[in-house]
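A.B. asks: Sharing a structure below in structure tokens format, with a few things to ask.
The values are calculated or read from the model by the stated rules, or taken from the named source; none is laboratory data. From a predicted model like this one, the values you see are computed outputs, not experimental measurements. Neighbour counts are summed over all protein chains in view; Cβ atoms, including those assigned to glycine, are modelled from backbone coordinates with ideal geometry. Remember, those area values only see protein heavy atoms, side chains included, never the ligands or the DNA or RNA. Shrake-Rupley method; radii C 1.70, N 1.55, O 1.52, S 1.80 Å.
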Amino acid sequence: MTTVGYFMGAYVAVFFAHFLLGFLMLPVCVGAGVGLMQRPILRRLVPQSSELMWAGWVLASMVGLTASVALTALASSAILNIERPLEFSWPAGVIQWIAALFIGGALIGILQHLMLRRYTEHSIWWIPASAVGWGLSVIGLAVVASGVSLYPVLEILLAPAVAGVVLGLVTGRAAVWICR
């Protein structure tokens, strides 16, 4: 479900980026997509949780990811004097995205841990699982930046799919363990 959310969020972002907020639509839409798609699975793992918690889960995904991407872009511009921050270039752009998604994953993990802690004593482990999952998801995004000459359509389809699979494997396994 995380993979589907990542994939759908990425493509909704591409559409809306032309009209609203430019590159910030990517973390907004991907965060929303992942949060929405994780909701039914986690709802089964934590059946006693409230609907308000699940609205917060989606909001935490959006806010954590968007804040980290925006802060990474600002820091790259201001501190490193990079004119086009968070561009999918190799290796500088990929390193920036790793930092942005690792930090975003940690922020998401902290916010979501605050919701999970009422239901499981192992919720603290959601923070590193989220950080590692989001940080490693850059493997998928790096497909576009790698310079490997695949068919362009294949690259565009493959990047968010691989990113979502990586994120889903890490966070899915963690969620099952945490909520057992």
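A.B. asks: Considering the chain as a Gaussian network with a 10 Å cut-off on Cα pairs, which listed residue, ALA13, ALA159, ALA92, attains the greatest mean-square fluctuation?
C.D. replies: Result for the chain, Cα springs under 10 Å: ALA92 fluctuates most.
A.B. asks: Could you sort SER50, SER137 by accessible area so the largest value comes first, with the probe set to 1.4 Å?
C.D. replies: Working: SER50 50, SER137 0 Å².
My answer, sorted largest first, is SER50, SER137.
A.B. asks: Could you work out which residue, out of ILE79, ILE98, ILE41, moves most in a Gaussian network model of the chain, that is, has the largest mean-square fluctuation with Cα springs under 10 Å?
C.D. replies: So, out of ILE79, ILE98, ILE41, the one fluctuating most is ILE79.
A.B. asks: How do the peptides 31-38, 54-61, 160-167 rank, highest first, by the average count of neighbouring beta carbon atoms within 10 Å per residue? Don't skip to the answer; put the middle values down first.
C.D. replies: Details: 31-38: 25.0, 54-61: 20.0, 160-167: 23.2.
My ranking of the peptides, most packed first, is 31-38, 160-167, 54-61.
A.B. asks: Subtracting the Cα-Cα distance from 0.36 nm times the residue separation, let me have the gained length for PHE15 to ARG43 in nm, one decimal. Please report the intermediate quantities before stating the final value.
C.D. replies: Numbers: separation 28, 0.36 × 28 = 10.08 nm, distance 2.96 nm.
Taking 0.36 nm per residue and subtracting the Cα distance, the gain is 7.1 nm.
A.B. asks: Another one. Got a sec? Charge dipole of the chain, +1 on Cβ for Lys and Arg, -1 for Asp and Glu; which of ALA10, LEU42, LEU107 is way out at the positive end?
C.D. replies: Farthest along the dipole direction, towards plus: LEU42.
A.B. asks: Still on this model: Multiply the residue gap between GLU51 and VAL176 by 0.36 nm, knock off their C-alpha separation, and tell me the result in nm, one decimal place. Walk me through the numbers on the way to the answer.
C.D. replies: Values: separation 125, 0.36 × 125 = 45.00 nm, distance 2.00 nm.
The span from GLU51 to VAL176 would gain 43.0 nm if fully extended.
A.B. asks: Which value, in debye to the nearest 20, describes the size of the charge dipole of the chain about its Cα centre when Lys and Arg Cβ atoms bear +1, Asp and Glu Cβ atoms bear -1, and nothing else is charged? Walk me through the intermediate numbers first.
C.D. replies: On the way: 8 positive and 5 negative charges, 118 e Å.
Using only the charged Cβ atoms, the result is roughly 560 debye.
A.B. asks: Here's something else I'd like to know. Sort MET53, MET62 from largest to smallest accessible area, using a 1.4 Å probe on the heavy atoms of the protein chains. Walk me through the numbers before you get to the answer.
C.D. replies: Numbers: MET53 15, MET62 55 Å².
Heavy-atom accessible area, descending, gives MET62, MET53.
A.B. asks: Compare ILE103, ILE95, ILE139 in a GNM of the chain, Cα atoms joined below 10 Å, and give the one with the largest fluctuation.
C.D. replies: Maximum fluctuation in the GNM of the chain, among the listed residues, is at ILE95.
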